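The values are calculated or read from the model by the stated rules, or taken from the named source; none is laboratory data. Just so you know, these numbers come straight off a predicted model, no measurement behind them. As a convention, Cβ positions derive from the backbone with ideal geometry for all residues, glycine included, and neighbour counts pool all protein chains shown. Surface areas here come from the heavy atoms of the whole protein model, side chains and all, with no ligands, DNA or RNA. Shrake-Rupley method; radii C 1.70, N 1.55, O 1.52, S 1.80 Å.
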Amino acid sequence: MLRFCAGAIKAAGDSPALDEEQRMTDVATERQGGDRPADEQADAAASDRLNREMMQRDLASAMLGMVVERDDPGHAVVSMRVREDMTNGFAITHGGLVFTLADTAFAIACNEDHRVTVAAGADITFLKSTVAGQTLTATAVRRARSGRTGLYDVTVVDEQGDAVAEFRGRSISTNRTI
């Protein structure tokens, strides 16, 4: 698991509270990787390395305390604990920050190879409000990828598993490489 902090990624071992989560993540990853063909494992490793480089420069996600729970080609899970300074005038989580969490998961999922891939557009539907102290988790999944374009769905849930928002992102791969 990766934790963003002031523009740098820290391994879970840098925080005692995350050590147990890291162990559980390592076990889950080991199980998933053990069943995958070698070329898929290599693609996942390359994607993970490229996304780590991208996320090391992502100061916005770092400032918001986002944690990458899973980073596989076409699939990403990112969580964020809602702080008081993330709420709006109604004392609920600011919708722009829910969008930002979903967008970060989308960015990780769609950057699957050496090409820089960016958003061509995105839509979000807010389903439930949340408040400070809650943890939101965004799960991004590739729905389609053809040529330079892709389509990804992101579901944001609270710690109870209730849907908070549904996000659909459309990606386009550029000629730039990471």
Does residue 105 satisfy being at negative phi, modelled with pLDDT under 95 and open to solvent by less than 20 Å² (accessible area, probe 1.4 Å)?
no
Could you check segment 80-102 and list, in sequence order, the residues that are closer than 20 Å to residue 57 by Cβ and either crowded, with 22+ Cβ neighbours inside 10 Å or without any contact (Cβ under 8 Å) to a residue 12 or more places away in the chain (or both)?
80, 101, 102
Answer residue from segment 120-178, given it is open to solvent by 80 Å² or more (accessible area, probe 1.4 Å) and of a type in the set (A, V, I, L, M, F, W, C) and is farthest from residue 85 (Cα to Cα) among those:
127
Among the residues of segment 82-102 satisfying the criterion of being touching a helix residue (DSSP H, G or I) at 6+ places or on another chain (Cβ under 8 Å) and in a loop (DSSP other than H, G, I, E, B), which is farthest from residue 166 (Cα to Cα)?
88
Which condition from (1) at pLDDT below 55; (2) assigned to a helix (DSSP H, G or I) is the one that residue 54 breaks?
(1)
Of all residues in segment 133-178 being of a type in the set (D, E, K, R) and in a strand (DSSP E or B), which is nearest to residue 57 (Cα to Cα)?
176
